[in-house]
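Notes to accompany the following structure.
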Amino acid sequence: LRVGILISGGGSNMVKLVQSMTGSHPARPCVVLSNRPDAGGLDVARSMGIPTEAVDHRPFGGDRIAFEDELTRRLSYYSPDILCLAGFMRVLSERFVQQWDGRMLNIHPSLLPKYKGLDTHARALASGDSTAGCSVHLVTPALDDGPILGQATVPIHPEDTAQSLAARVLVEEHRLYPQVLSEFVSRLAAGLPIAPADATNYA
Ligand code: GRF
C-alpha cells in the first residue's frame, strides 16, 4: 500500500511515519507534499529519499477548490492509496475529503472530541484538565470530527505551559500515529472493515 503524507511545517510526525514503514510493514511512503514550499519537513523527506511536492496555497487565494484540484493532480503522479495528514494546516473541502473517504487519516493534538480546532493545549490548561493527549482519526468533512482510530493520554502538570504540554503530547503523537497506521493498513490489506462502528481504540 502506498502512503502519501501531507505536511505544513517541520514534519516530525511525517519522519516517524516514514521510519515505521520498513521491512514487513505492508505500506511504503510514496510522496511527502506540503502546502508551504518552505516547510522544513520537505528537506527532511528529501534527505530520507522520499519524493516531495509543494503546492503553495497562497496563489490560489480563497479558491479552495482550485488549490485542491492542483493537490489532487500532483498527488496522482504517486498513486497513493492512503493519505496521512501530519501537521497539515489547511482545511480540506467536503469534496476532497469524500474523494479520500475512509482512506485519509489525521493526527490531532487533543483527546477528541474535546478541543477540535486550534490552540488545543492552551484550551486544556485553561479548562483545568488533569489529562491531555492526541487522537488519530479518519478524516470526514467536519473538522477534527471523524471516527477515532486511536488515542494516547498524558498527565497535565500544575506548572505546565502550552509549550511544555505540547512537547509531552508530541512524544505520544510520534508513538501513536505509526502504531495506528500499521493497524490501519494491515486491516485494509487483509480486507477487514475499518467502518466507523469498527473503529476501536486499538492503539
Ligand atoms: C504538532 O503539534 C501536531 O500535534 C500537529 O501539528 C504539529 C506539528 O506537527 N498535528 P509536525 O511536527 O509538523 O509533524
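Every test in (1) assigned to a loop (DSSP other than H, G, I, E, B); (2) within 16 Å of the ligand (Cβ to nearest atom) is passed by ASP101 save one, and that test is (2). Within region 38-67, the set of residues being closer than 23 Å to LEU181 by Cβ and in a helix (DSSP H, G or I) comprises GLY40, GLY41, LEU42, ASP43, VAL44, ALA45, ARG46, SER47.
I'd like to check something: does region 29-37 contain any residue that is within 15 Å of SER8 (Cβ to Cβ), assigned to a helix (DSSP H, G or I) and not hydrophobic (A, V, I, L, M, F, W, C)? Within region 29-37 (the criterion being within 15 Å of SER8 (Cβ to Cβ), assigned to a helix (DSSP H, G or I) and not hydrophobic (A, V, I, L, M, F, W, C)), the answer is no, since none of the residues qualifies. For region 141-177, filtered to residues that are away from the ligand (no atom under 13 Å from the Cβ) and among the acidic types (Asp, Glu), the residue that is nearest to CYS84 (Cα to Cα) is ASP145.
Of the residues that make up region 94-103, is at least one basic (Lys, Arg), surrounded by 14 or more Cβ atoms within 10 Å (Cβ to Cβ) and either at pLDDT below 95 or under 25 Å from PRO193 (Cα atoms) (or both)?
Within region 94-103 (the criterion being basic (Lys, Arg), surrounded by 14 or more Cβ atoms within 10 Å (Cβ to Cβ) and either at pLDDT below 95 or under 25 Å from PRO193 (Cα atoms) (or both)), the answer is yes, since at least one residue qualifies.
Applying the set (1) within 14 Å of the ligand (Cβ to nearest atom); (2) outside any loop (DSSP other than H, G, I, E, B); (3) surrounded by fewer than 20 Cβ atoms within 10 Å (Cβ to Cβ) to CYS134 leaves exactly one unmet item: (3). Does ILE65 meet the test of being away from the ligand (no atom under 14 Å from the Cβ) and under 28 Å from SER110 (Cβ atoms)? No; evaluated as a whole, the condition is false for this residue.
Once region 1-29 is narrowed to residues that are among the aliphatic types (A, V, I, L, M) and within 14 Å of the ligand (Cβ to nearest atom), the residue that is surrounded by the most Cβ atoms within 10 Å (Cβ to Cβ) is ILE5.
The values are calculated or read from the model by the stated rules, or taken from the named source; none is laboratory data. These numbers were taken from a predicted model, which means no experiment stands behind them. Note that each Cβ is placed from the backbone with ideal geometry, even for glycine, and that neighbours are counted across all protein chains shown.
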